[in-house]
1. Looking at the structure I just gave you, is residue 105 assigned to a helix (DSSP H, G or I), touching a Cys at 6+ places or on another chain (Cβ under 9 Å) and not basic (Lys, Arg)?
2. Tell me which of these residue 207 doesn't satisfy, since it passes every other one: (1) over 15 Å from residue 309 (Cα atoms); (2) modelled with pLDDT of 95 or more.
3. Of these, 136, 112, 147, 83, which one is within 25 Å of residue 52 (Cβ to Cβ), among the β-branched types (Val, Ile, Thr) and surrounded by 14 or more Cβ atoms within 10 Å (Cβ to Cβ)?
4. Report whether or not residue 190 is surrounded by 12 or more Cβ atoms within 10 Å (Cβ to Cβ) and in a helix (DSSP H, G or I).
5. Look at segment 218-229 and say how many of its residues are surrounded by 14 or more Cβ atoms within 10 Å (Cβ to Cβ) and not aliphatic (A, V, I, L, M).
6. Test residue 132 against the stated conditions and say whether it is touching a helix residue (DSSP H, G or I) at 6+ places or on another chain (Cβ under 6 Å) and in the same structural domain as residue 320 (by TED's automatic domain parsing).
Amino acid sequence: MRKIPIFCSLSIFTSILIFLGCGKDTSSSSKNASGASTPGSQPAAIRFSEDPNQIVAQVDDTPLTFADMEKRAKGFLKDAVQTEHLLIPSNKMDEAMEFYRKRSIRTFVFKTVLMNEAIRQKIQITPTDRANSLQTLVATMRRRNWTTNDFFNKGPLDPETMHKEFEDGIVIEKLWNVAIRSKLKISQEEIEHSIREIAKTNEFAVQKLEKVRKQILDGADFAEVARNVSQCQSRSKGGDLGEISRGLLPKVVEDQAFKLAVGEISPVIHSTMGFHILKVTEKIPAKEKTENSPAAPEKIRLSQILLREVPINRKRIMDTIQQVKLEDAKKEFYKSLLKKASVECMIYPEMNAEFSAKKE
């Protein structure tokens, strides 16, 4: 099973996105290729009664029953099979269910701790919150080729539960806004530091191309180097861009390319696309119009090695810093709430260590 951080998409419907595969398996135990627990762990049917009303985990005064755990675990499994095309051999189904049972318990603990805090802080959602949430849901579901109706009707749980999960997610997102996002600050020094780091990255790219250019001048094969180094799609063709006429390339690249002799290697060139090394492999003279053919402009057959430049965009930098700080703050906030919560897992006692570890 793929592991995606639990905070990967904590948006307006946080709990649902976790439910749809964004939940992190934070267990310290190793997993085999199927993603289930390592051999030796007993199936739940052996270690625990399957009474549907039996409590398998509890957060403060909120219990999770065996029936609820199973419903959510089967929902996780259904979603993975339908949307990720996960194939599970029949002899691995018990192990897969063990994996998803644990995921459902982690999701229950995560969501319950946050919902309890939202109640303590008297978080209330408004029609505007709900409308904004639906807009975000539309964009997110588009990546699955789903509509919002698909989300509620084809999701891993019954429509009523999906609607409830969606509403709870809106509450959690508003809790993030009140408790974390509204308090985040980005200093000018943080922005300038990021700019300096980006500049270093771009300078490293230039230095790398200078070394590559020297290797080519010393006899290395341009096409082979392009296949190994270039970030242009032409790398699969040894850097060959085909026949190029004027007006198709950034002007600084075009000007340099049309000056080169056949077989000549250009210096490192900086353009809006990034950093280039060019090689002209053929020059095709312009042709005048004749009775049988139209005029044709001068062309060259061009190859390149390209390293992309990381753009220095202050808004994008600020957004990135904010997102990183937000995710870190969410983790710390959740950890702080866990320290104050009473969490117990009865069906998998070994999981109690990971919840109590947050209290250290």
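1. Answer is yes for this residue.
2. (1)
3. Exactly one of 136, 112, 147, 83 is within 25 Å of residue 52 (Cβ to Cβ), among the β-branched types (Val, Ile, Thr) and surrounded by 14 or more Cβ atoms within 10 Å (Cβ to Cβ), namely 112.
4. Here the answer is yes, as residue 190 does meet what is asked.
5. Matching residues across segment 218-229 total 2.
6. When the stated conditions are applied, residue 132 does not pass them.
Residues checked against (1) within 33 Å of the chain's Cα centre (by Cα); (2) farther than 30 Å from residue 184 by Cβ; (3) touching a residue at least 60 places away in the same chain (Cβ under 8 Å); (4) assigned to a loop (DSSP other than H, G, I, E, B):
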residue	(1), (2), (3), (4)
254	no, yes, no, no
281	no, yes, no, no
292	no, yes, no, yes
315	yes, no, no, no
322	yes, no, yes, no
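Here is a yes/no grid of residues against (1) free of Cβ contacts under 8 Å to residues at least 40 places away in the same chain; (2) of a type in the set (Lys, Arg); (3) surrounded by 13 or more Cβ atoms within 10 Å (Cβ to Cβ); (4) in contact with a Leu (Cβ under 9 Å, 6 or more places away or on another chain):
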site: 231; (1), (2), (3), (4): no, no, yes, yes
site: 237; (1), (2), (3), (4): yes, yes, yes, no
site: 250; (1), (2), (3), (4): yes, no, yes, no
site: 257; (1), (2), (3), (4): no, no, yes, yes
site: 300; (1), (2), (3), (4): no, no, yes, yes
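The values are calculated or read from the model by the stated rules, or taken from the named source; none is laboratory data. Computed from a predicted model, the values in this text were never measured in an experiment. Positions of Cβ are backbone-derived with ideal geometry, glycine not excepted, and every protein chain shown enters the neighbour counts.
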